[in-house]
Structure formats: structure tokens, C-alpha cells
């Protein structure tokens, strides 16, 4: 795996102007007036531009267009009235020939959380929707999309998943440290055990078969994996 160094150049206001790597790659940045809003980002190879992204803002400095020159561009159509003034109402992506690739419509709840997304294809027809429900603190607690329905705990972890393809629920339990310790898929239960360093040391599948993990005492990378039957052993 190779190594390289990066040299950075800043303005007197602390804005990053240029990054130069000693392998020949570099990046140049330009900004809107005296703000920190990017107006362009250019990737260079030995000083030759190979990719450029530009950013366009409205009079209130809200981003309304992002373009990767010669490839695609995205338009952001903002709400012009309260509630949620200047929030994105439509996001539309086009190719460089101005042909629509896809677009998304956003709906917000009373607290400004995105509660519904409608996704449209290149033909302008509705492809699918995503619905979200939040608690009083703004934490996502439920999401329904074209593939499945999801429920989350207060820390944003998915604790229940119901794929629409088979209607079989997937339930997850986490410990106080946020580690997955139990997963139930239909009638199949898998349990996980960890050491004090949060390394997974044992996995027990729905048949009761155990896989054990041994780690290096310093960098904690796995050094040995014993899988059922006991004859299966990997030295890492």
C-alpha cells in the first residue's frame, strides 16, 4: 500500500484553495464572495483538469444547482413559502444533454423532518415512495420504502425490519454499548458475544453451533477463527 504527502494552501481567511499530492493528483477550490460556500471544485492530474464540479446559489446563498461538467447536473427547487421556507421541495437530476434521469419530491412534517419522498423515473412517472415517522425529539422511528418497513430505537439503530418480499420480520437487540447481541429472522435466532474491547468472540447460530474468534492482544485483529464443526479452523 503506497504512501503520499499532501500540501495545502489557504487564504488569509482560512479557506482551503489548493491541495497538492506528491503523486501528481491535486484539487483546487473557489468560493462565493467572502463566504465559505464552494463555487467550484476541480480535480487535477499533473496540473491537468480531469473533473470539475460547480455550484450555483440563489440570492439568499441557498444551493440551487450542482453540476459535474460534461456528465450530469442536479437542480434544487426550494420552497418559496412558509412553513419550511428554502427547504428542498424538488431535486431533479439531468444528463449533460438536459434529459431527465430522475427527480424526487420532498414533504416535511410540522418540525421540518422529511416525512415523505416521492421518487420519479426518467419518464416522469412515480417509481416509489419513502415514508418516515419521527418522535418528539426528531429521531427517526419508522421508515417504509419500496423494499421494507423499518423501526428504529432512540439511537437510530434498526431494531425491526419487515421485507415486503416475504413478510418475515427481522428483529435486533443491542446492548448498552450499542453492540448487536441478538438477531431473530423468522424462527432463526443468532446470538453474539463480545470481550471488553468490543471484539466479537463468539457467534451462535440458530442450530446452536458456535463460531469462536481469537484476536491479537495489541492491534486486536483476528488471528484465529474456529467454526463448526470443530475441524474447521482458520489461522489468520
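FYI, it's all coordinate maths here, none of it is from the lab. Note that the coordinates shown come from a computational prediction; the quantities given were computed from them, not determined experimentally. With ideal geometry, Cβ positions are generated from the backbone for all residues, glycine too; neighbour counts draw on all protein chains shown.
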message: Modelling each spin label as a point 7 Å along the Cα-to-Cβ direction, I'd like the residue 115/residue 12 distance in nm, to one decimal.
response: 5.1
query: Does the chain come out rounded, prolate or oblate by the C-alpha gyration tensor, with a ≥ b ≥ c the root eigenvalues, rounded set by a/c under 1.5 and, if not, prolate when a/b is larger than b/c and oblate if not?
result: oblate
- request: Any chance you could check the Cα centroid distance between the range 79-118 and the range 1-32 for me, in angstrom?
  value: 33
field: For 137, 191, order by how many other beta-carbon atoms lie within 10 Å, fewest first
entry: 137, 191
field: Stretch gain in nm, segment residue 216-residue 68, where the contour uses 0.36 nm per residue and the Cα spacing is subtracted
entry: 48.8 nm
field: Length gained when the stretch residue 104-residue 75 is fully extended (0.36 nm per residue, less Cα-Cα span)
entry: 9.4 nm
message: Which residue fluctuates most in the GNM of the chain (Cα springs below 10 Å): 100, 63, 168?
response: 168
field: Linear extension gain, residue 128 paired with residue 90, 0.36 nm per residue minus alpha-carbon span
entry: 12.2 nm
Three-way shape call for the range 149-226 based on the alpha-carbon gyration tensor, with the a/c threshold at 1.5: oblate
field: Global geometry of the range 6-145, whether rounded, prolate or oblate, following the gyration tensor of its Cα atoms and the 1.5 cut on a/c
entry: prolate
- prompt: Anyone know which of 217, 83, 49 comes out most mobile in the 10 Å Cα GNM of the chain?
  reply: 217
- prompt: Looking only at 150, 215, 111, which one moves most when the chain is put into a Gaussian network model with springs between Cα atoms under 10 Å?
  reply: 215
